[in-house]
Amino acid sequence: LARQRAEEARQAVEVARARLETTAVRAPFAGTVLEIYERPGDFVGAAQPILRIAQAGIPEAVVQVDERDLAEIREGQPAVIITDAFPEREIEAFVAQIGARTDPQRGVVDVRVRPEEPVPWLRSGMTADVTFILSDAGRQLLIPTTAVVRRGDRTSVLVIIDNRVRRRTVTLGAGGTRGTVVLRGLTTESLVVREPTAVQVGQRARPNLTPWETTGEDEP
């Protein structure tokens, strides 16, 4: 009888250990805990959140778009974010992800918009307005065609960041004598090297800001 009870106790311990393993919660990414909803020992349901985490290094804005407007939105589409805290600072961004489902009660879809470049002053929870650029006409970012570096199927440009030459992968649009359109990878604040063959990635460089005037009749 004592052996039977000992075996039952051992099995109970194994079951308890197995259940304990299922209580471990691991985040799928590195980040910062913003809010804790439940504490150890609390009972929670399968779909009940226990905390809120902001993913490190990838700030983004979540916009609820009416399902009737989804035909105008596509992944990679340019957008502009303006926060209430810094209304004078426009953040060049793009559509990173369109939600897979529609909220049946409100008829909206979550659209995630991500800045083109890191924004040190952007904080999680900030109130912001997002403008989707539906047409590139009148809002084209042009760079000198000589600045474009092509290696196989990769297209990039050299830029100056913190007085050092860095390489940036870009997505280009049409090109012409007036220059080449950049769809993604740069902002209006980027310092582009006109002659990339004259410098090397990583070397120190001081930007020499000179005006670039587009010429010719061809539209890119």
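The values are calculated or read from the model by the stated rules, or taken from the named source; none is laboratory data. Everything numeric in this text was worked out from a predicted model, so none of it was measured. Neighbour counts run over all protein chains shown; Cβ positions are idealised from the backbone, glycine included. Surface accessibility is based on the protein's heavy atoms, side chains included, excluding ligands, DNA and RNA. Shrake-Rupley method; radii C 1.70, N 1.55, O 1.52, S 1.80 Å.
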- State the number of residues belonging to the range 111-131 that are open to solvent by 70 Å² or more (accessible area, probe 1.4 Å) and either under 21 Å from P78 (Cβ atoms) or not small (G, A, S) (or both). 8
- Item | Flag for Q97 being loosely packed, with under 14 Cβ neighbours inside 10 Å and under 26 Å from A128 (Cα atoms) | yes
- In this structure, does R206 turn out to be over 25 Å from E75 (Cβ atoms), modelled with pLDDT of 90 or more and open to solvent by 90 Å² or more (accessible area, probe 1.4 Å)? no
- Message: Condition check: under 23 Å from P207 (Cα atoms), part of a strand (DSSP E or B), modelled with pLDDT of 80 or more and not charged (D, E, K, R). Does T131 satisfy that?
- Response: no
- Of the residues in the range 9-18, those that are modelled with pLDDT under 85 and open to solvent by 80 Å² or more (accessible area, probe 1.4 Å) come to R17
- Query: Taking the range 96-128 only, how many residues are outside any loop (DSSP other than H, G, I, E, B) and under 19 Å from R168 (Cα atoms)?
  - Reply: 3
- Task: Name the single residue, out of those in the range 69-94 being within 15 Å of E117 (Cβ to Cβ) and of a type in the set (D, E), that is surrounded by the fewest Cβ atoms within 10 Å (Cβ to Cβ).
- Result: E90
- Query: Given the structure, is G76 outside any strand (DSSP E or B), under 20 Å from the mean Cα position of the chain (by Cα) and more than 19 Å from G125 (Cα to Cα)?
  - Reply: yes
- Qualifying residue in the range 54-68 (condition: assigned to a helix (DSSP H, G or I), surrounded by 11 or more Cβ atoms within 10 Å (Cβ to Cβ) and in contact (Cβ under 8 Å) with a residue 40 or more places away in the chain): yes
- Task: Hey, could you check the range 39-53 for residues that are surrounded by 10 or more Cβ atoms within 10 Å (Cβ to Cβ) and hydrophobic (A, V, I, L, M, F, W, C) and say which is nearest to M126 (Cα to Cα)?
- Result: I53
- Message: Restricting to the range 182-191, and then to whatever is among the aliphatic types (A, V, I, L, M) and either open to solvent by 80 Å² or more (accessible area, probe 1.4 Å) or at pLDDT 80 or above (or both), can you tell me which residue is farthest from the chain's Cα centre (by Cα)?
- Response: L191
- Looking only at residues in the range 19-38 that are assigned to a loop (DSSP other than H, G, I, E, B) and among the aliphatic types (A, V, I, L, M), which one is surrounded by the fewest Cβ atoms within 10 Å (Cβ to Cβ)? A24
- Query: If you check R194, R168, which single one turns out to be at pLDDT 85 or above and in a strand (DSSP E or B)?
  - Reply: R168
